[in-house]
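Have a look at the structure below before the remarks.
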Amino acid sequence: MSNISIPDLRFFQPLDTLTSDNLSEIAQKLQVLDIPKGDNIFIQGDKDDDHIYLLKGTVELGEGGKASKQIKAGSDEAKVALAHIIPRNFTAVAKTNVTVITVDSDLLDMMLTWDQTSSFQVEELSSNDDDWMTQLLSSEIFRRIPPANIQAVFTSLEDIDVKPGDAVIKQDEPGDYFYIIKSGRCMVTRRMPGSDKEIKLAELGSGQSFGEEALISDAPRNATVVMLTKGVLSRLSKDQFLELLNAPMQDKIGFTAAKAKVESGESQWLDVRMPAEYASAHIKGSLHLPMIFLRMKMKELDKNRHYIVYCDTGRRSSSASFILSENGYNVSVLENGLKDVDTAEMEGKDIAA
């Protein structure tokens with residue numbers, strides 16, 4: 001583990017939104033680099049997408065050989081990653097001896113996805129626990145997938161008997177199955193960082209499902225599900241879930257086609273990254289609804305509108321797309337996230353110096 005403390009890391013955005021456990025994971029894998037005065041940290045056009053944060057010293061950003069601005073460690077501008085537009089739209093030069101930390105972008109995005117999909121929407125239990133199949137088939141998920149997939153899902157489901165107290169999934173373990181409750185009730189809990197106490201998030205009953213978010217984001221489980229009663233669960237393996245349920249729900253679109261839809265008024269950009277990420281750079285004209293608030297605030301979106309959801313890589317936006325789709329929203333995912341977006345199509349404080 002590096003000698004950078006967790007409180008030090010919380011100065012930076014969006015690291016400050018991570019749980020202590022996930023931030024500790026970041027701390028173990030980041031790199032601390034000392035760069036002499038006058039050396040380049042990166043140059044304009046670089047495609048290395050690591051998040052680089054300024055810990056000590058002063059950095060000068062330049063474009064086309066001309067100096068644009070200076071950033072000092074500890075300033076508000078230093079809270080976000082240095083010029084994190086890929087390919088780099090600035091050259092960063094150490095004006096003094098500087099220390100930077102580099103964070104693997106894929107690791108950070110996975111941690112953000114895990115944290116921001118950790119909340120469950122509490123549903124009222126159905127009074128009809130016997131008719132689970134009717135309830136399931138009337139759900140938004142099954143209305144949006146091809147009939148052949150529905151048939152394949154039901155032939156692929158594996159039933160398991162469960163009893164009170166059985167932990168069906170455990171927080172921090174790898175995701176392996178998607179579960180549908182045929183009978184019985186279960187409780188969803190989450191252990192908060194630094195505490196052994198389990199916080200109750202929801203109770204689920206017949207016809208309801210759980211376990212999808214870890215499969216979509218390829219991240220560890222973000223909650224524990226324990227049976228309250230005896231019952232029967234049907235489960236679908238990760239590969240089958242991704243192929244039969246998630247893939248049909250994921251309408252992916254490239255940037256050129258997406259831009260045309262937005263310009264025609266047919267669609268609206270929707271950015272699901274954290275506020276600091278959005279403020280640094282975002283597609284012009286995009287709405288902003290952070291993934292962490294999605295379940296709480298999705299009702300503010302228009303179900304008659306088509307949204308093109310994006311994040312840095314496509315991981316968080318894929319999770320957001322599934323959640324929105326299963327709640328009846330018309331969405332597509334921007335393929336490859338912001339990686340294919342030209343800086344001319346973006347705005348934010350890291351775009352115009």
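The values are calculated or read from the model by the stated rules, or taken from the named source; none is laboratory data. Remember, it's a predicted structure, so these values are computed and weren't measured experimentally. Positions of Cβ are generated from backbone atoms using ideal geometry, with glycine treated the same way; all protein chains shown enter the neighbour counts.
Brief remarks follow.
- Matching residues, the range 198-214, being within 17 Å of the chain's Cα centre (by Cα) and either assigned to a strand (DSSP E or B) or under 19 Å from Phe154 (Cα atoms) (or both): Gly211, Glu212
- Count - residues of the range 89-116 that are at pLDDT 90 or above and under 19 Å from Gly314 (Cα atoms): 1
- Some residue of the range 33-50 being assigned to a strand (DSSP E or B), touching a Lys or Arg at 6+ places or on another chain (Cβ under 7 Å), in contact (Cβ under 8 Å) with a residue 24 or more places away in the chain and not assigned by TED's automatic domain parsing to the domain that holds Leu338: yes
- Qualifying residue in the range 266-284 (condition: in contact with a Cys (Cβ under 6 Å, 6 or more places away or on another chain) and of a type in the set (Val, Ile, Thr)): yes
- Considering each residue of the range 1-10 in turn, at least one proves to be within 28 Å of Ser317 (Cβ to Cβ) and surrounded by 14 or more Cβ atoms within 10 Å (Cβ to Cβ).
- In the range 295-312, of all residues being surrounded by 22 or more Cβ atoms within 10 Å (Cβ to Cβ) and touching a residue at least 60 places away in the same chain (Cβ under 8 Å), the one that is farthest from Ala81 (Cα to Cα) corresponds to Cys311.
- Sole exception among (1) under 18 Å from the mean Cα position of the chain (by Cα); (2) within 26 Å of Gly45 (Cβ to Cβ) for Gly348, by number: (1)
- Residue check for Glu25: assigned by TED's automatic domain parsing to the domain that holds Asn89 and either among the hydroxyl-bearing types (Ser, Thr, Tyr) or out of contact with any strand residue (DSSP E or B) (no Cβ under 8 Å at 6 or more places or on another chain) (or both): yes
- Residue ID - nearest to Gln44 (Cα to Cα), chosen from residues in the range 56-95 that are touching a residue at least 24 places away in the same chain (Cβ under 8 Å) and basic (Lys, Arg): Arg88
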